[in-house]
Amino acid sequence: MPWYLYLALKQLFPTGRRFPFFTAISILGVSLGVAVLIISSSVMGGFGHKIREMTVDTQGDVQVRGDGLIADPAAVQAQLMKIPGVLATTPFAEGAVMVIFNLKPQFPGMQGIDVNHITNVIPLQQYVHGGALAALDDDSIILGSQLAISLGARVGDTVEVYTPLAFEKLKMSKGDEVLLPRQLRVVGYFEFGHQALDGSVALVPLRAMQNLYGLGRAVHGINLKIAPGLDADAMADRINAALPASLHLRARSWIEINQDFLFVLQFERNMMFFLLMFIVVVAAFSVTSSLLISVVRKTREIGLLGALGAKPRQVAACFCFQGFFIGVCGTMVGLGLGFGVLHFRDDIVHVFTKLTQSEAALLRFYQFSHLPAYTDPAYLVATIIGSIGISTLAGLLPAWRAAKLKPVEALRSE
Amino acid sequence: MSEPILSARRLSKSYVSGDRRIEVLCGVDLEIAAGESVSIRGESGSGKSTLLNLLSGLDSPDGGELAWAGASVHVDARAKFLGMVFQSFYLIPEIDALANVLMAARMIGAPGAVERARAKELIARVGLAERATHLPAQLSGGERQRVAVARALMNSPKLILADEPTGNLDERTGDAVIELLLGLCRDTATALALVTHNASHAAKTRRQLMLTAGSLA
Ligand SMILES: Nc1ncnc2c1ncn2[C@@H]1O[C@H](COP(=O)(O)OP(=O)(O)OP(=O)(O)O)[C@@H](O)[C@H]1O
Ligand SMILES: [Mg+2]
């Protein structure tokens with residue numbers, strides 16, 4: 001080992017000292033930063049994953065829509081199924097309705113789904129509670145959980161549904177006709193854990209929706225499932241190439257449909273990462289200041305090293321290496337700490353909510369009993385490189401100061 | 001006489017402080033033969049330390065020539081050519097006495113078994129065999145200076161430059177350190193340039209010089 005590395009280690013871990021205080025505190029500073037970075041980016045990554053999963057679960061991988069309605073969905077579906085990589089298709093129709101229960105109106109979007117085939121594309125049954133997807137027939141409805149709460153409707157209750165078509169008929173008949181709502185029985189709730197969906201969507205069979213909106217056999221779009229492992233964007237491009245232009249259809253991947261939202265998600269995560277990196281930067285400043293103090297305190301020894309034959313850049317390496325070493329140790333301890341916390345995250349959340357008696361609130365607002373976590377390798381690498389790099393930079397200023405000392409002057413200093 | 005291991009010719013050095021210029025050395029000639037011991041005395045402020053710094057290559061002269069063993073002065077050669085002892089001992093506080101002695105060897109390359117054995121032997125020669133694993137803070141002034149002497153000898157240098165090595169020691173301890181230094185240099189045929197205020201210490205060297213008015217006599 002070159003002398004400057006030896007001396008750097010000895011300055012960090014002096015002989016005969018059990019607990020090197022300065023070193024321990026410097027390492028702790030960096031490791032706290034690293035731990036916070038790992039924990040927060042993993043938990044945010046976990047949420048991101050959940051949200052992506054949920055998005056695919058509600059929309060399918062790829063969605064095909066036309067300029068207006070798709071008049072003959074069965075023919076389009078048959079064409080789509082011929083494209084390699086397409087595993088399943090399911091048509092849907094959608095539109096706004098007014099739902100009334102006990103004189104309380106709500107205005108959800110209504111989705112007409114193909115009850116028999118939708119589960120090939122979207123694992124909807126997983127999200128249905130208090131009933132079953134299979135129970136959905138032409139006289140029944142499944143409400144989003146928040147929508148059901150807003151209405152005060154429970155499974156077994158009957159809600160009234162008005163569509164624009166009904167009002168149109170009323171207008172055309174100039175008051176001769178009586179406006180009768182469609183009566184639908186609630187046969188279940190669905191809960192995706194997403195406010196926008198759970199609070200403002202209701203499900204009915206496709207046929208019922210087509211009747212309510214007077215669509216005939218037409219639909220608004222078709223959701224597709226693609227083979228696992230295929231890139232949704234590439235698949236959408238392939239589908240667009242395969243569909244004849246005369247149909248005026250366009251396939252878009254879930255990534256494209258949600259690009260704004262996904263961008264915000266990613267942006268948020270990067271921003272968070274960037275800001276939390278400042279914890280490491282602050283820790284690095286404290287490393288810099290303690291190394292600077294050490295350079296000043298050791299001025300005469302640095303002079304002596306010169307007398308022994310040390311070159312300025314070796315002296316610099318000695319101090320720079322101390323920063324690097326603190327960075328490496330701090331990063332390793334921080335990773336241990338971070339992954340430790342992540343491993344016991346549910347217990348920690350549990351204890352925390354017990355202490356603050358907020359368990360019920362947590363469940364109600366976040367609909368999770370366990371915290372998701374996903375450690376993106378890219379963030380992991382960025383954390384490791386970032387914290388070691390910043391710590392090494394922290395050693396640079398002291399190193400430069402030390403290298404600049406002239407042995408003669410250093411030896412003279414009092 | 002054999003080739004001198006150190007030869008200085010017309011070395012000069014001046015310091016500028018403010019608008020004043022202090023001529024500290026003006027034309028110092030000095031040759032030191034292998035194994036020779038030389039003492040340099042002079043009033044405080046006469047430039048003895050300045051001269052040693054020039055001879056060690058830590059500082060560069062304004063004029064004149066300096067050669068180490070016939071070659072020009074170079075940083076890379078210092079660790080092997082020179083050992084230095086100072087008034088303050090300058091031991092590294094984080095490592096024990098033996099490791100401080102070995103530090104000189106580390107400057108040249110990673111120490112092996114040979115170097116370790118030599119360091120142990122030197123520690124024993126300066127009478128600190130029992131204290132080898134003690135940290136500098138656990139040693140007395142005289143003991144620390146003896147460690148510094150052992151460190152200066154570690155790489156078997158051709159020349160030792162000692163700048164008032166007894167300045168911080170009481171008389172008896174100082175005498176002992178000088179005896180040790182002279183004895184070791186004699187035994188190992190190492191040349192010694194000793195700066196001292198003490199006439200009796202100076203008397204023990206083969207050649208006694210005085211630094212006055214910027215030159216040696
Ligand atoms: N860096 C410097 N800047 C300005 N003047 C200096 C500097 N170094 C030394 N001097 C001056 O040079 C002169 C010689 O100093 P030096 O330390 O060589 O004396 P010395 O003979 O070793 O004295 P002492 O016996 O007290 O150690 C002094 O007058 C000192 O003030
Ligand atoms: Mg002096």
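The values are calculated or read from the model by the stated rules, or taken from the named source; none is laboratory data. These figures come from a predicted structure and were not determined experimentally. Cβ sites come from the backbone with ideal geometry, for glycine too, and all protein chains shown count toward neighbours. Note: accessible area is taken over every heavy atom of the protein model, side chains too, but ligands, DNA and RNA are not part of it. Shrake-Rupley method; radii C 1.70, N 1.55, O 1.52, S 1.80 Å.
Out of region A:7-48, which residues are hydroxyl-bearing (Ser, Thr, Tyr) and buried (at least 19 other Cβ atoms within 10 Å of the Cβ)? Before the answer, list the steps.
Narrowing region A:7-48 to residues hydroxyl-bearing (Ser, Thr, Tyr): A:15, A:23, A:26, A:31, A:40-42.
Residues satisfying the conditions are A:23, A:26, A:31, A:41, A:42.
Taking the options B:24, B:16, name whichever one is within 16 Å of ligand 2 (Cβ to nearest atom), open to solvent by 10 Å² or more (accessible area, probe 1.4 Å) and more than 30 Å from residue B:146 (Cβ to Cβ).
Unique residue meeting the criteria: B:24.
Taking residue A:61 as the residue in question, decide whether it is open to solvent by 20 Å² or more (accessible area, probe 1.4 Å) and under 20 Å from the mean Cα position of the chain (by Cα).
It is true that residue A:61 is open to solvent by 20 Å² or more (accessible area, probe 1.4 Å) and under 20 Å from the mean Cα position of the chain (by Cα).
Does residue B:102 satisfy the criteria of being part of a helix (DSSP H, G or I), facing another protein chain (nearest Cβ under 10 Å) and open to solvent by less than 30 Å² (accessible area, probe 1.4 Å)?
yes
Report whether or not residue B:96 is facing chain A (nearest Cβ under 10 Å), buried (at least 20 other Cβ atoms within 10 Å of the Cβ) and not small (Gly, Ala, Ser).
Criteria met by residue B:96.
Could you please find all residues in region B:157-176 being under 13 Å from the mean Cα position of the chain (by Cα) and more than 16 Å from ligand 1 (Cβ to nearest atom)?
B:157, B:158, B:159, B:160, listed by residue number.
Consider only pairs whose beta carbons are under 8 Å apart and that are at least six residues apart or on different chains; among these, list those whose first residue lies in region A:13-33 and is within 14 Å of chain B (Cβ to nearest Cβ) and whose second residue is open to solvent by 80 Å² or more (accessible area, probe 1.4 Å) and outside any helix (DSSP H, G or I).
A:20/A:13; A:23/A:13
It is to be established whether one or more residues within region B:47-58 are in a strand (DSSP E or B), free of Cβ contacts under 8 Å to residues at least 60 places away in the same chain and either within 16 Å of ligand 2 (Cβ to nearest atom) or of a type in the set (A, V, I, L, M, F, W, C) (or both).
Among the residues of region B:47-58, not one is in a strand (DSSP E or B), free of Cβ contacts under 8 Å to residues at least 60 places away in the same chain and either within 16 Å of ligand 2 (Cβ to nearest atom) or of a type in the set (A, V, I, L, M, F, W, C) (or both), which makes the answer no.
Residues that are under 30 Å from residue A:31 (Cα atoms), more than 14 Å from chain B (Cβ to nearest Cβ) and of a type outside the set (A, V, I, L, M): does region A:222-243 have at least one? First the steps, then the outcome.
Taking region A:222-243 first, the residues under 30 Å from residue A:31 (Cα atoms) are none.
Within region A:222-243 (the criterion being under 30 Å from residue A:31 (Cα atoms), more than 14 Å from chain B (Cβ to nearest Cβ) and of a type outside the set (A, V, I, L, M)), the answer is no, since none of the residues qualifies.
If we only count strands (runs of 3 or more DSSP E) wholly inside region A:89-136, which ones have 2 or more residues that are of a type in the set (A, V, I, L, M, F, W, C), in contact with a Pro (Cβ under 9 Å, 6 or more places away or on another chain) and touching a residue at least 60 places away in the same chain (Cβ under 8 Å)?
Filter on region A:89-136 gives A:98-101.
I'm trying to understand the selection: among the residues of region B:26-82, which are within 14 Å of chain A (Cβ to nearest Cβ), under 18 Å from the mean Cα position of the chain (by Cα) and on the phi > 0 side of the Ramachandran plot?
Listed by number, the residues that qualify are B:47, B:57.
Do we find a residue being within 16 Å of ligand 2 (Cβ to nearest atom) and open to solvent by 40 Å² or more (accessible area, probe 1.4 Å) anywhere in region A:400-413? Spell out the reasoning first.
To start, the set of residues in region A:400-413 that are within 16 Å of ligand 2 (Cβ to nearest atom) comprises A:407-413.
The next check asks that each one be open to solvent by 40 Å² or more (accessible area, probe 1.4 Å); those that pass are A:409, A:412.
Yes.
Read through the list (1) in contact with a Gly (Cβ under 9 Å, 6 or more places away or on another chain); (2) over 30 Å from residue B:84 (Cα atoms), then give the number of the only condition that residue A:353 fails.
Just one mismatch for residue A:353, condition (1).
Scan (1) within 12 Å of chain A (Cβ to nearest Cβ); (2) farther than 29 Å from residue B:9 by Cβ; (3) loosely packed, with under 15 Cβ neighbours inside 10 Å for the single condition residue B:112 breaks and write down its number.
That leaves (1) as the condition not met.
Would you mind stating whether residue B:7 is more than 16 Å from ligand 1 (Cβ to nearest atom) and either of a type in the set (Asp, Glu) or within 23 Å of residue B:194 (Cβ to Cβ) (or both)?
When the stated conditions are applied, residue B:7 passes them.
Taking the residues in region B:153-192 that are within 14 Å of chain A (Cβ to nearest Cβ) and not in a loop (DSSP other than H, G, I, E, B) as candidates, determine which candidate is farthest from ligand 2 (Cβ to nearest atom).
If we take residues in region B:153-192 being within 14 Å of chain A (Cβ to nearest Cβ) and not in a loop (DSSP other than H, G, I, E, B), then B:153 is farthest from ligand 2 (Cβ to nearest atom).
Going by the structure shown, is residue A:302 modelled with pLDDT of 90 or more, within 14 Å of chain B (Cβ to nearest Cβ) and under 30 Å from residue B:52 (Cα atoms)?
yes
Does residue A:276 satisfy the criteria of being under 21 Å from residue A:338 (Cβ atoms) and assigned to a helix (DSSP H, G or I)? I'd like the intermediate steps shown before the answer.
On the way: under 21 Å from residue A:338 (Cβ atoms): yes; assigned to a helix (DSSP H, G or I): yes.
Yes: the conditions hold for residue A:276.
Would you mind finding the one in B:42, B:47, B:63, B:57 that is more than 13 Å from ligand 1 (Cβ to nearest atom), in contact with a strand residue (DSSP E or B) (Cβ under 6 Å, 6 or more places away or on another chain) and open to solvent by less than 30 Å² (accessible area, probe 1.4 Å)?
Details: B:42 fails: more than 13 Å from ligand 1 (Cβ to nearest atom); B:47 fails: more than 13 Å from ligand 1 (Cβ to nearest atom); B:57 fails: in contact with a strand residue (DSSP E or B) (Cβ under 6 Å, 6 or more places away or on another chain).
Step by step, each of B:42, B:47, B:63, B:57 is checked, and only B:63 is more than 13 Å from ligand 1 (Cβ to nearest atom), in contact with a strand residue (DSSP E or B) (Cβ under 6 Å, 6 or more places away or on another chain) and open to solvent by less than 30 Å² (accessible area, probe 1.4 Å).
Give the residues of region A:73-125 that are of a type in the set (Ser, Thr, Tyr) and closer than 16 Å to residue A:210 by Cα, sorted by residue number. Spell out how you get there, then give the answer.
Let us first name the residues in region A:73-125 that are of a type in the set (Ser, Thr, Tyr), namely A:89-90, A:119.
Within region A:73-125, just A:90 meets the criteria.
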